[in-house]
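Enquirer: Pasting a structure here, questions to come.
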Amino acid sequence: MPFVIPVERQSTKLMNRALLGFLKLISDALRDLLPIIFVIAFFQIIVLQQPFPNIGGILVGLVCVVLGLALFVQGLEMGLFPIGEAMATAMTRKGSLTGLLAFAFMLGFGTTVAEPALIAVAAEAADIAGQAGAIENNDEAKASYAFGLRMTVAVSVGAALVLGVFRILIGWPIQYFIIGGYILVVVITLFAPPEIVGIAYDSGGVTTSTITVPLVTALGVGLASTIKGRNPLLDGFGLIAFASLTPMIFVMIFGMVA
């Protein structure tokens with residue numbers, strides 16, 4: 001008669017395994033945050049020689065950050081990366097170039113619109129522009145400016161993914177696109193209004209953040225893994241570079257037009 005483990009023992013083992021996994025996530029997140037914790041503590045205590053204001057609130061916030069980072073990393077591994085690769089694989093197997101490029105554009109556009117860092121930077125840029133007199137200093141004008149900035153960046157990331165996906169399909173080397181793109185950034189900087197240049201450069205950074213990066217990376221790896229003759233290590237990465245580059249170009253053009 002085969003040995004059967006009681007249901008209670010199986011449940012206990014599963015709970016213990018889940019608890020150990022969760023504790024490992026927490027310890028990994030805390031380990032990743034330790035450098036910045038030490039830096040802040042060193043400058044606050046040794047350099048500034050001042051106590052931490054509202055130490056209780058800081059500790060509660062630190063716990064929330066550790067938990068959030070741990071759950072976020074786990075969510076990427078369980079959800080965003082697999083779904084991104086699965087969708088890229090499914091679209092490639094359909095064999096429709098138009099559908100694949102449309103999917104890449106909509107993915108880039110949608111993830112960028114939802115990017116929290118871009119929302120914050122666009123709102124701050126609109127507020128500063130209103131105070132500086134570049135736009136009317138009222139809520140309607142600032143909301144319109146922030147919305148236009150977000151839409152410009154979203155379109156630029158969508159266009160970047162279309163170009164990046166097409167590069168993977170054809171097999172062109174990425175370095176020529178990146179070098180040419182940054183040369184174009186330098187040229188456009190000479191003609192763009194000085195007030196928009198810094199915002200444009202920051203837009204390229206904040207675009208590639210928590211939502212965009214995992215899905216875009218999964219898209220590139222999924223495509224390179226599916227297409228015959230492509231190496232995921234050589235061809236699957238690089239879409240993030242396109243997504244960081246094109247917002248600078250588009251936002252400076254937005255500033256020249258608007």
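The values are calculated or read from the model by the stated rules, or taken from the named source; none is laboratory data. Not measured: the values here are computed from a predicted model. Note that each Cβ is placed from the backbone with ideal geometry, even for glycine, and that neighbours are counted across all protein chains shown. Surface accessibility is based on the protein's heavy atoms, side chains included, excluding ligands, DNA and RNA. Shrake-Rupley method; radii C 1.70, N 1.55, O 1.52, S 1.80 Å.
Enquirer: Would you mind telling me which numbered condition in (1) surrounded by 11 or more Cβ atoms within 10 Å (Cβ to Cβ); (2) of a type outside the set (Val, Ile, Thr); (3) at pLDDT below 85; (4) within 28 Å of GLY21 (Cα to Cα) LEU59 fails?
Expert: So the condition that LEU59 fails would be (3).
Enquirer: Continuing with the same structure: Can you name the condition, by its number, that MET87 falls short on among (1) open to solvent by 60 Å² or more (accessible area, probe 1.4 Å); (2) without any contact (Cβ under 8 Å) to a residue 60 or more places away in the chain; (3) closer than 26 Å to GLY236 by Cα?
Expert: Only one criterion in (1) open to solvent by 60 Å² or more (accessible area, probe 1.4 Å); (2) without any contact (Cβ under 8 Å) to a residue 60 or more places away in the chain; (3) closer than 26 Å to GLY236 by Cα is unmet by MET87, namely (2).
Enquirer: In this structure, is MET1 part of a helix (DSSP H, G or I), open to solvent by 100 Å² or more (accessible area, probe 1.4 Å) and modelled with pLDDT under 75?
Expert: no
Enquirer: Mind checking which helices (runs of 4 or more DSSP H) fall wholly inside segment 114-225 and carry at least 2 residues that are at pLDDT 90 or above and in contact with a Phe, Trp or Tyr (Cβ under 7 Å, 6 or more places away or on another chain)?
Expert: On the way: elements: 116-132, 139-170, 174-191, 194-207.
Once the helices (runs of 4 or more DSSP H) in segment 114-225 are filtered for at least 2 residues that are at pLDDT 90 or above and in contact with a Phe, Trp or Tyr (Cβ under 7 Å, 6 or more places away or on another chain), what remains is 139-170.
Enquirer: Here are some conditions: (1) surrounded by 13 or more Cβ atoms within 10 Å (Cβ to Cβ); (2) over 30 Å from LEU23 (Cβ atoms); (3) touching a residue at least 12 places away in the same chain (Cβ under 8 Å). ARG93 meets all but one. Which one does it not meet?
Expert: Condition not satisfied by ARG93: (1).
Enquirer: If the Cβ limit is 8 Å and pairs must be 6+ apart or interchain, which residue in segment 63-82 that is under 20 Å from ALA218 (Cβ atoms) pairs with which residue that is not in a helix (DSSP H, G or I)?
Expert: PHE72/THR210
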